[in-house]
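The values are calculated or read from the model by the stated rules, or taken from the named source; none is laboratory data. All values reported here derive from a predicted model rather than from experimental measurement. All Cβ positions, glycine included, derive from the backbone under ideal geometry; neighbour counts span all protein chains shown. Just the protein is used for accessible areas: all its heavy atoms, side chains included, with ligands, DNA and RNA removed. Shrake-Rupley method; radii C 1.70, N 1.55, O 1.52, S 1.80 Å.
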Amino acid sequence: MCSRALNEWIEEVARVTQPDRIVWCDGSEREYHALLEQMLGDGTLLRLNERKYPNCYLHRSHPTDVARTEHLTFICTPKPEDAGPTNNWMSPQEARERVGALFRGCMKGRTMYVVPYLMGPPGSPFSEVGVEVTDSPYVVANMRIMTRMGKIALEHLGDSEHFVRGLHSLGDLSPERRYICHFPEERAIWSIGSGYGGNALLGKKCHSLRIASVEARDEGWLAEHMLIIGVEDPEGNVTYLAGAFPSACGKTNLAMLVPPPALSRYKVWTVGDDIAWLRLGPDGRLWAVNPETGFFGVAPGTSVKTNPNAMIALSRNSIFTNVALTPEGTPWWEGMSDPPEFAYDWQGKPWTPASGRPAAHPNARYTAPARQCPSISPHWEDPQGVPISAILFGGRRARVAPLVYEAFDWAHGVFVGASMASETTAAAMGEIGVVRRDPMAMLPFCGYNMADYFRHWLWMGTRSPRMPRIFHVNWFRTDERGQFLWPGFGENLRVLKWIIERVNGRGDAEETPIGYVPTPEALDLEGLTLSKEAVRELLHVDPNEWRQEAEAIAEFFRRFGDRLPEELWQAHRQLLRRLG
Ligand code: OXD
Ligand code: MN
């Protein structure tokens, strides 16, 4: 059984791209292994040490194709205003001409894979079918880890014509001919010239965030760049939290947090590490699913110490991209362990610790099945999702933002999310470490005008009195010598504990101009050696810094002109008033 609309679309795509062969992927183990063998044969993959990393492979990408290329990512709507000032815009007609030309004959001599996939748990009202057509077997193999692929997706599709159409080709991998185009009105994606995850695994950022955010606006739900976790207290109560953090700011680590010894009677359950689809349930609460089935995590910095659950998840059946390779055939990256005496770097060149360059690319990745994560929640595939009690917004801020604060109410929380900022990381091409506004961590992922997106968020808050409470966290504050003030990682549970107490009507807080900040005693710091000054600094709200911050926020808001919801300006004026 196969939808006629799907067959027709595949015929049309094949006419344009002219592949030598068309392969419909069924998602089976057999098919996966055949693909792997083929890629081992042509050098696309290298097999890792079968004893230490069973069924694991290394891929080295083209050296210019190692991260998302935001400047080559476009929203193609009839009017530029519908893409908004924070997106690159191209008219659908121009895209069809300029980018369409690159697809003409691009699969000559290649195999075209048809990859049906399901985002979201089987049988869930949240779930959506997409079909990615690609000429990259590496993309197919990764899609099989990251999505429910093949037969199950076709079953969900039935004879419907309702699916996201994703067309991907490696093209010639040249950045000059690289485009990632989204057509929200047609629910279509065209990506050419890159094999990198965020650009090429179309189920992920392109479908589940950029296209889905537009659907969510139209249908009354939220598609967000958020992790989802359940925190179980010693009495066995589980509170679910969702958190939006920019790329490479520790979402995966937080999603798989291991409690520190002082809080060993707590347990953190992983539901998702990157994307959340959230809908109002019949009970008026906001329920969330993780549409993915795998983790496409940043390898550098991941270790048994920082994220033991990830290390177990990635130890088998995983694909590594742009990590270093040790002589014994195991992957290595900066921060994993003491450096090996010798390795091959991410480009396959001989490397030693004296080489003076990183062995792994800073944005090296692992693609690992979610079900292998020891902390995976027993509810991670529940069709109705999990009920969210609190939303966390967070960024990487050396200064200004305290460790944690709570918004006064939903509308203020939307202001907090809309004015979020973070220092840039290696997950996208460009300068690293500069502070940029990244509202709700969605700046690179919102498929429409963010002013309308903020309006949608505000409207969601009016729909139920049981919406989650909103918090802002910052694990990255530093002292005047540039040292992190907060230990981070597992210790972040102390902050989550306060958040959960607040949600349950407990947890002492002080009202400050920016929101409720915990009193120093309200944070459980038992067993942590943190000076009183450090705690004070971590929780400090400096009115002068915040006045400057408010000016930077206003400057950002002004970019949206009249389209910015008045509620956000009102929240801004209130902030200034409270700052005095
Ligand atoms: C990711 C990203 O890969 O945000 O998740 O870049
Ligand atoms: Mn992400």
With respect to Leu35, determine if the residue is hydrophobic (A, V, I, L, M, F, W, C), outside the structural domain of Pro175 (by TED's automatic domain parsing) and open to solvent by less than 60 Å² (accessible area, probe 1.4 Å). no
Subset of the stretch 209-258 (residues that are within 16 Å of ligand 1 (Cβ to nearest atom) and among the hydroxyl-bearing types (Ser, Thr, Tyr)): Ser213, Ser247, Thr252
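Does Leu493 qualify as being among the hydrophobic types (A, V, I, L, M, F, W, C) and over 21 Å from Asp233 (Cβ atoms)? First the steps, then the outcome.
Numbers: among the hydrophobic types (A, V, I, L, M, F, W, C): yes; over 21 Å from Asp233 (Cβ atoms): no.
Here the answer is no, as Leu493 does not meet what is asked.
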Candidate set from the stretch 368-390 (those that are assigned to a loop (DSSP other than H, G, I, E, B) and hydrophobic (A, V, I, L, M, F, W, C)); member that is farthest from Gly461 (Cα to Cα): Cys373
In the stretch 216-237, anything open to solvent by 10 Å² or more (accessible area, probe 1.4 Å) and in a helix (DSSP H, G or I) is listed as Arg217, Asp218, Glu219
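Open to solvent by 30 Å² or more (accessible area, probe 1.4 Å) and not in a loop (DSSP other than H, G, I, E, B): does that describe Arg455? Don't jump to the end; show me each part of the working.
Details: open to solvent by 30 Å² or more (accessible area, probe 1.4 Å): yes; not in a loop (DSSP other than H, G, I, E, B): yes.
The answer is yes for Arg455.
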Restricting to the stretch 151-170, count the residues that are more than 26 Å from Ser213 (Cβ to Cβ), part of a loop (DSSP other than H, G, I, E, B) and not aliphatic (A, V, I, L, M). 1
From the options Ile211, Ile180, residue that is crowded, with 24+ Cβ neighbours inside 10 Å, assigned to a strand (DSSP E or B), in contact (Cβ under 8 Å) with a residue 40 or more places away in the chain and among the β-branched types (Val, Ile, Thr): Ile180
Just name the residue that is nearest to ligand 2 (Cβ to nearest atom) out of those in the stretch 239-248 that are under 16 Å from Trp287 (Cα atoms) and touching a helix residue (DSSP H, G or I) at 6+ places or on another chain (Cβ under 8 Å). Ala244
For Tyr57, state whether it is within 19 Å of Arg210 (Cα to Cα) and touching a residue at least 12 places away in the same chain (Cβ under 8 Å). no
Within 16 Å of ligand 2 (Cβ to nearest atom) and either modelled with pLDDT of 95 or more or within 28 Å of Asp524 (Cβ to Cβ) (or both) - does that describe any residue in the stretch 279-287? no
Conditions (1) of a type in the set (A, V, I, L, M, F, W, C); (2) within 16 Å of ligand 2 (Cβ to nearest atom); (3) open to solvent by 10 Å² or more (accessible area, probe 1.4 Å): number failed by Val434: (2)
Looking only at the stretch 85-137, which residues are assigned to a helix (DSSP H, G or I) and under 21 Å from Cys181 (Cβ atoms)? Pro92, Gln93, Glu94, Ala95, Arg96, Glu97, Arg98, Val99, Gly100, Ala101, Leu102, Phe103
In the stretch 190-208, which residues are within 12 Å of ligand 1 (Cβ to nearest atom) and either in contact with a helix residue (DSSP H, G or I) (Cβ under 7 Å, 6 or more places away or on another chain) or touching a residue at least 60 places away in the same chain (Cβ under 8 Å) (or both)? Tyr196, Gly197, Gly198, Asn199, Ala200, Leu201, Lys204, Lys205, Ser208
Only one residue in Ile514, Ile499, Ile432 is out of contact with any helix residue (DSSP H, G or I) (no Cβ under 7 Å at 6 or more places or on another chain) and farther than 24 Å from Leu209 by Cα, so which one is that? Ile499
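From the list Asp274, Asp283, exactly one residue is assigned to a loop (DSSP other than H, G, I, E, B), in contact (Cβ under 8 Å) with a residue 40 or more places away in the chain, within 16 Å of ligand 1 (Cβ to nearest atom) and open to solvent by 10 Å² or more (accessible area, probe 1.4 Å). Which is it?
Values: Asp283 fails: within 16 Å of ligand 1 (Cβ to nearest atom).
Criteria check complete, one pass: Asp274.
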It is to be established whether one or more residues within the stretch 477-488 are in contact with a Gly (Cβ under 8 Å, 6 or more places away or on another chain) and surrounded by fewer than 19 Cβ atoms within 10 Å (Cβ to Cβ). yes
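Would you call Gly561 at pLDDT below 95 and more than 20 Å from Val473 (Cα to Cα)?
Numbers: at pLDDT below 95: no; more than 20 Å from Val473 (Cα to Cα): yes.
When the stated conditions are applied, Gly561 does not pass them.
So, Glu511, is that one outside any helix (DSSP H, G or I) and acidic (Asp, Glu) or not?
When the stated conditions are applied, Glu511 passes them.
Given the residues Gly236, Gly220, Gly230, which is the only one that is away from ligand 2 (no atom under 16 Å from the Cβ), within 30 Å of His162 (Cα to Cα) and modelled with pLDDT of 95 or more? Break it down into steps so the answer makes sense when it comes.
Values: Gly236 fails: within 30 Å of His162 (Cα to Cα); Gly230 fails: within 30 Å of His162 (Cα to Cα).
None of the other options fit; the residue is Gly220.
Table: residues versus (1) outside any loop (DSSP other than H, G, I, E, B); (2) of a type in the set (Asp, Glu); (3) out of contact with any Asp or Glu (no Cβ under 8 Å at 6 or more places or on another chain); (4) at pLDDT below 95.
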| site | (1), (2), (3), (4) |
| --- | --- |
| Glu501 | yes, yes, yes, no |
| Glu521 | yes, yes, no, no |
| Val535 | yes, no, yes, no |
| Leu538 | yes, no, yes, no |
| Glu545 | yes, yes, yes, no |
| Glu549 | yes, yes, yes, no |
